[in-house]
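A.B. asks: Okay, here's the structure, questions in a sec.
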Amino acid sequence: MINIVLGIGHLGAANMPGSTIKTFALGSCVALVLFSPNCQGVGMVHIALSDSAINPTRAGELPGYFADTGFPALMKKMSMMNRGKPDPQMFAKITGGASMIGASDVFNIGLRNVSKIKEILRTAGIPLRAEDTGKSISRTVSAEIGSDGVEIFTPGRPTWKI
């Protein structure tokens, strides 16, 4: 059993039953979770920003930091668990993308992150099966390998799943 904890911009994947992948305190960041039924694998990336063009050096060092570089990096890691091939049954769930500044959030970082990830998934032909995004709450997210659910925790609220 493996327990993978991701920081901002990190990604991980596993297919050992009972293992978990977890990331803490998503505000405007988004956790993209990919499920690969063929190899019973789960992967997650903790995305901070939508577009790597603002800092290509950072994208090279930490591709998971950006949606446009984090997605292909996670796909590569997931395909390695499936004998080097993408899983045609793969699906995604996303959570995060909050507006932590409130109504005055002129940058709309959370909304831009969610929009970019949805665009990337559509282009790749990967169905988005569930999402819990927006609002103004911080989320801690975990996915257990062998399950197709994402568990979400916010202080002061009961845990829920998507």
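A.B. asks: Restricting the search to region 92-113, which residues are assigned to a loop (DSSP other than H, G, I, E, B) and surrounded by 20 or more Cβ atoms within 10 Å (Cβ to Cβ)?
C.D. replies: Across region 92-113, the qualifying residues are GLY97, ALA98.
A.B. asks: How many of the residues in region 50-77 are at pLDDT 95 or above and among the aliphatic types (A, V, I, L, M)?
C.D. replies: Of the residues in region 50-77, 4 are at pLDDT 95 or above and among the aliphatic types (A, V, I, L, M).
A.B. asks: Those residues that are farther than 17 Å from GLY97 by Cα and out of contact with any strand residue (DSSP E or B) (no Cβ under 6 Å at 6 or more places or on another chain), I need them from region 127-154; list them, please.
C.D. replies: Of everything in region 127-154, those that are farther than 17 Å from GLY97 by Cα and out of contact with any strand residue (DSSP E or B) (no Cβ under 6 Å at 6 or more places or on another chain) turn out to be GLY146, SER147.
A.B. asks: Among residues belonging to region 1-12 that are assigned to a loop (DSSP other than H, G, I, E, B) and at pLDDT 95 or above, point out the one that is surrounded by the most Cβ atoms within 10 Å (Cβ to Cβ).
C.D. replies: Pass one, region 1-12, residues assigned to a loop (DSSP other than H, G, I, E, B): 1-2, 7-10.
Restricting the remaining residues to those that are at pLDDT 95 or above gives 7-10.
Values: GLY7: 10, ILE8: 16, GLY9: 21, HIS10: 17.
If we take residues in region 1-12 being assigned to a loop (DSSP other than H, G, I, E, B) and at pLDDT 95 or above, then GLY9 is surrounded by the most Cβ atoms within 10 Å (Cβ to Cβ).
A.B. asks: Which of the residues belonging to region 35-60 are crowded, with 16+ Cβ neighbours inside 10 Å, out of contact with any Gly (no Cβ under 7 Å at 6 or more places or on another chain) and in contact (Cβ under 8 Å) with a residue 60 or more places away in the chain?
C.D. replies: PHE35, GLY41, VAL42, LEU49, SER50
A.B. asks: Also, quick follow-up: Within the set of pairs 6+ apart or on separate chains, which have a first residue in region 135-162 that is more than 20 Å from PRO37 (Cα to Cα), a second that is part of a loop (DSSP other than H, G, I, E, B) and of a type outside the set (S, T, N, Q), and C-beta atoms under 6 Å apart?
C.D. replies: LYS135/ALA98; SER136/ALA98; ILE137/ALA98; SER138/GLY27; THR154/ILE137
A.B. asks: Taking ASN15, is it surrounded by fewer than 16 Cβ atoms within 10 Å (Cβ to Cβ) and over 15 Å from PHE66 (Cα atoms)?
C.D. replies: no
A.B. asks: I'm told ALA31 meets every condition in (1) among the small types (Gly, Ala, Ser); (2) exposed (fewer than 14 other Cβ atoms within 10 Å of the Cβ); (3) within 17 Å of GLU119 (Cα to Cα) except one. Can you identify the failing condition by its number?
C.D. replies: (2)
A.B. asks: Just one of the numbered conditions (1) touching a residue at least 12 places away in the same chain (Cβ under 8 Å); (2) surrounded by fewer than 22 Cβ atoms within 10 Å (Cβ to Cβ); (3) touching a helix residue (DSSP H, G or I) at 6+ places or on another chain (Cβ under 6 Å) is not true of GLN89; which one?
C.D. replies: Just one mismatch for GLN89, condition (3).
A.B. asks: Would you mind finding the one in GLY84, GLY60 that is at positive phi and not in a strand (DSSP E or B)?
C.D. replies: Result: GLY84 is the single residue among GLY84, GLY60 that is at positive phi and not in a strand (DSSP E or B).
A.B. asks: While we're here: Tell me which residues, restricted to region 114-161, are part of a helix (DSSP H, G or I) and in contact with a Ser or Thr (Cβ under 7 Å, 6 or more places away or on another chain).
C.D. replies: Passing the criteria: VAL114, LYS116.
A.B. asks: Mind listing whichever residues of region 51-67 are over 12 Å from the mean Cα position of the chain (by Cα) and farther than 19 Å from PHE24 by Cβ? Working first, answer last.
C.D. replies: Start the filter on region 51-67 by keeping residues that are over 12 Å from the mean Cα position of the chain (by Cα), which leaves 51-63.
Passing the criteria: ASP51, SER52, ALA53, ILE54, ASN55, PRO56, THR57, ARG58, ALA59, GLY60, GLU61, PRO63.
The values are calculated or read from the model by the stated rules, or taken from the named source; none is laboratory data. Predicted, not measured: the structure shown is a model, and the values here were computed from it. Here the Cβ is made from the backbone with ideal geometry for all residues, glycine too, and neighbour counts use every protein chain on show.
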